[in-house]
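Trainee: Have a look at the structure that comes next, please.
The values are calculated or read from the model by the stated rules, or taken from the named source; none is laboratory data. Only a predicted model underlies this, so the values are computations on that prediction, with no experimental measurement involved. As a convention, Cβ positions derive from the backbone with ideal geometry for all residues, glycine included, and neighbour counts pool all protein chains shown.
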Ligand code: NDP
Ligand code: 2IT
């Protein structure tokens with residue numbers, strides 16, 4: 001596999017001389033970490049024009065340093081299930097880059113979690129966090145623990161054991177985790193309780209996504225999904241279009257998907273479908289959000305149950321891709337590589353005009369190419385889903401000043417941040433001769449912020 005040049009003539013030499021050997025080195029040093037390879041390649045192949053302009057970044061070996069995490073932690077997590085049996089999981093925290101601030105990024109609990117997945121997520125997080133303009137570095141963690149079908153007590157014991165190791169690496173000035181797949185307010189609660197007990201410190205800034213009456217921020221629950229739709233609206237506006245009246249299809253039915261659906265409805269769109277790992281539902285009258293929240297947030301049920309309660313205008317399709325549903329706007333909000341080349345071809349054939357990644361790296365590189373070549377507005381996750389971590393940074397800001405802001409004020413801040421990310425990605429793509437290419441714009445804009453901080457701070 002080679003790094004392909006997506007740039008003009010000037011940077012082609014840089015590709016052969018600098019970026020291809022650099023990518024070969026990423027492959028050699030990180031064997032088997034396919035998702036990390038993919039994330040690194042997607043960034044590297046857009047950086048040629050920056051390196052052509054700024055040879056000092058090549059000389060300082062900024063990309064080599066960026067691709068090597070500052071610290072990687074892997075630990076055993078033993079716990080007892082409800083039947084008294086010993087269970088063993090593996091815990092991870094990859095502290096990738098702290099040039100801009102404390103390591104910041106979520107924890108994922110899912111059986112698929114391994115080092116390569118945590119590294120891809122941590123690597124993406126560096127650039128995403130830089131794009132927000134907030135003082136946060138990049139990190140990510142999690143475990144191969146599967147929370148599905150586990151009791152509250154089992155979840156609590158697992159979280160307590162996980163934190164019994166992780167606590168020594170955390171701190172409001174060091175490393176500040178939050179949620180991701182399989183980690184929501186319940187898990188953050190158990191994690192925070194254990195941290196507080198071990199350290200004897202009510203250090204609210206050590207975790208974000210907390211409950212509202214113990215240091216959490218208004219709008220953090222909603223922020224990733226809301227932010228993704230705000231970004232989509234900006235992207236459409238830049239093309240003289242609007243979200244109102246559009247049919248929106250969403251994958252997933254977790255935190256990001258639910259609040260993407262809510263904001264899309266608030267802006268006058270109709271959300272016609274969403275999914276989980278068992279299949280998807282289509283609701284011609286528009287997804288009933290109260291029912292979806294009750295089912296997913298309260299009962300932790302399956303998406304098929306939506307249809308049983310909603311009536312004949314909704315249907316469940318088992319084991320198929322939600323991207324076969326014709327829509328104007330597609331928001332992949334489930335997991336990595338869930339929207340492939342065939343899905344992209346189907347979406348384009350059905351007339352999609354915009355795709356924004358609520359999840360991290362949900363579209364494969366082949367899918368992104370199909371969408372961009374068809375002229376579809378495409379927003380990469382590091383720009384479109386940055387509203388979650390940005391609002392986490394707002395939560396840290398409130399914790400540091402022992403303050404709490406209203407929902408309306410926090411949402412207003414979120415909306416300004418999403419507009420800023422949109423505009424800086426858009427402007428940067430134009431500056432490098434690729435107008436409308438948000439992949440190039442977001443990668444370069446995020447990279448330059450971190451690279452400049454690293455240059456200024458010397459060889460660390
Ligand atoms: P949740 O655990 O709340 O929801 C995840 C959803 O995606 C569920 O519907 C789940 O279905 C589905 N899903 C997960 N894994 C798979 C899989 N392998 N195949 C098919 N479906 C799957 O997670 P979030 O909503 O928090 O996260 C969703 C995405 O958004 C992730 O990529 C995450 O990294 C990203 N993200 C999250 C942020 C946040 O603030 N939470 C911020 C930025 C990005 P099922 O229940 O059947 O497994
Ligand atoms: O992928 C992400 O940006 C997140 N899971 C949110 C991270 C955070 O620290 O809020």
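Trainee: What's the total number of residues in region 298-322 that are in contact with a strand residue (DSSP E or B) (Cβ under 9 Å, 6 or more places away or on another chain), closer than 26 Å to residue 150 by Cβ and surrounded by fewer than 15 Cβ atoms within 10 Å (Cβ to Cβ)?
Mentor: Number of matching residues: 3.
Trainee: Exactly one of (1) touching a helix residue (DSSP H, G or I) at 6+ places or on another chain (Cβ under 8 Å); (2) within 28 Å of residue 170 (Cα to Cα); (3) touching a residue at least 60 places away in the same chain (Cβ under 8 Å) is unmet by residue 419. Its number?
Mentor: (2) is the only condition that residue 419 fails.
Trainee: State the number of residues belonging to region 153-170 that are within 16 Å of ligand 2 (Cβ to nearest atom) and surrounded by fewer than 18 Cβ atoms within 10 Å (Cβ to Cβ).
Mentor: Adding up the residues that qualify gives 1.
Trainee: Right, residue 103: crowded, with 21+ Cβ neighbours inside 10 Å, modelled with pLDDT of 95 or more, more than 22 Å from the chain's Cα centre (by Cα) and over 20 Å from residue 441 (Cα atoms) or not?
Mentor: For residue 103, the condition - crowded, with 21+ Cβ neighbours inside 10 Å, modelled with pLDDT of 95 or more, more than 22 Å from the chain's Cα centre (by Cα) and over 20 Å from residue 441 (Cα atoms) - is not met.
Trainee: Now for a separate question. Please go through (1) in contact with a helix residue (DSSP H, G or I) (Cβ under 9 Å, 6 or more places away or on another chain); (2) more than 16 Å from ligand 2 (Cβ to nearest atom) for residue 209 and return the number of the only condition it doesn't satisfy.
Mentor: In the conditions (1) in contact with a helix residue (DSSP H, G or I) (Cβ under 9 Å, 6 or more places away or on another chain); (2) more than 16 Å from ligand 2 (Cβ to nearest atom), residue 209 misses (2) alone.
Trainee: Would you say residue 77 is assigned to a helix (DSSP H, G or I), over 15 Å from the mean Cα position of the chain (by Cα), more than 16 Å from ligand 1 (Cβ to nearest atom) and touching a residue at least 12 places away in the same chain (Cβ under 8 Å)?
Mentor: Judged against the criteria, residue 77 is not a match.
Trainee: Within region 118-131, can one find any residue that is within 16 Å of ligand 2 (Cβ to nearest atom), more than 15 Å from residue 209 (Cα to Cα), in contact with a strand residue (DSSP E or B) (Cβ under 7 Å, 6 or more places away or on another chain) and not in a helix (DSSP H, G or I)?
Mentor: No: region 118-131 contains no residue that is within 16 Å of ligand 2 (Cβ to nearest atom), more than 15 Å from residue 209 (Cα to Cα), in contact with a strand residue (DSSP E or B) (Cβ under 7 Å, 6 or more places away or on another chain) and not in a helix (DSSP H, G or I).
Trainee: Going residue by residue through region 340-353, is there one that turns out to be at pLDDT 95 or above and within 12 Å of ligand 1 (Cβ to nearest atom)?
Mentor: No - not one qualifying residue is present in region 340-353.
Trainee: Considering only region 217-253, state which residues are touching a strand residue (DSSP E or B) at 6+ places or on another chain (Cβ under 9 Å) and either within 16 Å of residue 292 (Cβ to Cβ) or at pLDDT below 95 (or both).
Mentor: Of everything in region 217-253, those that are touching a strand residue (DSSP E or B) at 6+ places or on another chain (Cβ under 9 Å) and either within 16 Å of residue 292 (Cβ to Cβ) or at pLDDT below 95 (or both) turn out to be 225, 229, 248, 249, 250, 251, 252, 253.
Trainee: Output the helices (runs of 4 or more DSSP H) that fall wholly within region 376-460 and possess 3 or more residues being away from ligand 1 (no atom under 16 Å from the Cβ) and surrounded by fewer than 24 Cβ atoms within 10 Å (Cβ to Cβ), or say none. Reasoning before the result, please.
Mentor: Details: elements: 381-384, 386-400, 407-431, 438-456.
Those helices (runs of 4 or more DSSP H) span 386-400, 407-431, 438-456.
Trainee: Kindly state which strands (runs of 3 or more DSSP E) lie completely within region 245-286 and contain at least 3 residues that are within 20 Å of residue 231 (Cα to Cα).
Mentor: Qualifying strands (runs of 3 or more DSSP E): 247-251, 270-276.
Trainee: Condition check: farther than 29 Å from residue 150 by Cα and either touching a strand residue (DSSP E or B) at 6+ places or on another chain (Cβ under 8 Å) or buried (at least 24 other Cβ atoms within 10 Å of the Cβ) (or both). Does residue 256 satisfy that?
Mentor: Against the criterion (farther than 29 Å from residue 150 by Cα and either touching a strand residue (DSSP E or B) at 6+ places or on another chain (Cβ under 8 Å) or buried (at least 24 other Cβ atoms within 10 Å of the Cβ) (or both)), residue 256 does not qualify.
Trainee: Restricting to region 171-209, and then to whatever is surrounded by 18 or more Cβ atoms within 10 Å (Cβ to Cβ) and in a strand (DSSP E or B), can you tell me which residue is farthest from ligand 1 (Cβ to nearest atom)?
Mentor: Only one residue fits best here, namely 175.
Trainee: Oh, and also: Sort out which residues of region 217-242 are in a loop (DSSP other than H, G, I, E, B) and either within 14 Å of the chain's Cα centre (by Cα) or surrounded by fewer than 23 Cβ atoms within 10 Å (Cβ to Cβ) (or both), and write them in order of number.
Mentor: 218, 239, 240, 241, 242
Trainee: Related question: Conditions first: (1) assigned to a helix (DSSP H, G or I); (2) buried (at least 22 other Cβ atoms within 10 Å of the Cβ). Residue 58 passes all but one, so which condition is the exception?
Mentor: (2)
Trainee: Considering only residues that are free of Cβ contacts under 8 Å to residues at least 60 places away in the same chain and surrounded by fewer than 20 Cβ atoms within 10 Å (Cβ to Cβ), look in region 120-149 and name the one that is nearest to ligand 1 (Cβ to nearest atom).
Mentor: Looking at residues that are free of Cβ contacts under 8 Å to residues at least 60 places away in the same chain and surrounded by fewer than 20 Cβ atoms within 10 Å (Cβ to Cβ), I get 148.
Per-residue answers, yes or no, for (1) assigned to a helix (DSSP H, G or I); (2) within 17 Å of residue 271 (Cβ to Cβ); (3) touching a residue at least 60 places away in the same chain (Cβ under 8 Å); (4) within 21 Å of the chain's Cα centre (by Cα):
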| site | (1), (2), (3), (4) |
| --- | --- |
| 301 | no, no, no, no |
| 308 | yes, no, no, no |
| 323 | yes, yes, yes, yes |
| 342 | yes, no, no, no |
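Trainee: Another question, then. Please work out if residue 245 is at positive phi and near ligand 1 (Cβ under 9 Å from one of its atoms).
Mentor: Criteria not met by residue 245.
Every residue, every condition in (1) part of a loop (DSSP other than H, G, I, E, B); (2) touching a helix residue (DSSP H, G or I) at 6+ places or on another chain (Cβ under 6 Å); (3) surrounded by fewer than 20 Cβ atoms within 10 Å (Cβ to Cβ), yes or no:
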residue	(1), (2), (3)
13	no, no, yes
20	no, no, yes
24	no, no, yes
40	no, yes, no
52	no, yes, no
69	yes, no, no
72	no, no, yes
83	yes, no, yes
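Trainee: For region 323-362, give me each residue that is crowded, with 24+ Cβ neighbours inside 10 Å, away from ligand 2 (no atom under 16 Å from the Cβ) and more than 18 Å from residue 272 (Cβ to Cβ).
Mentor: The one that is crowded, with 24+ Cβ neighbours inside 10 Å, away from ligand 2 (no atom under 16 Å from the Cβ) and more than 18 Å from residue 272 (Cβ to Cβ): 344.
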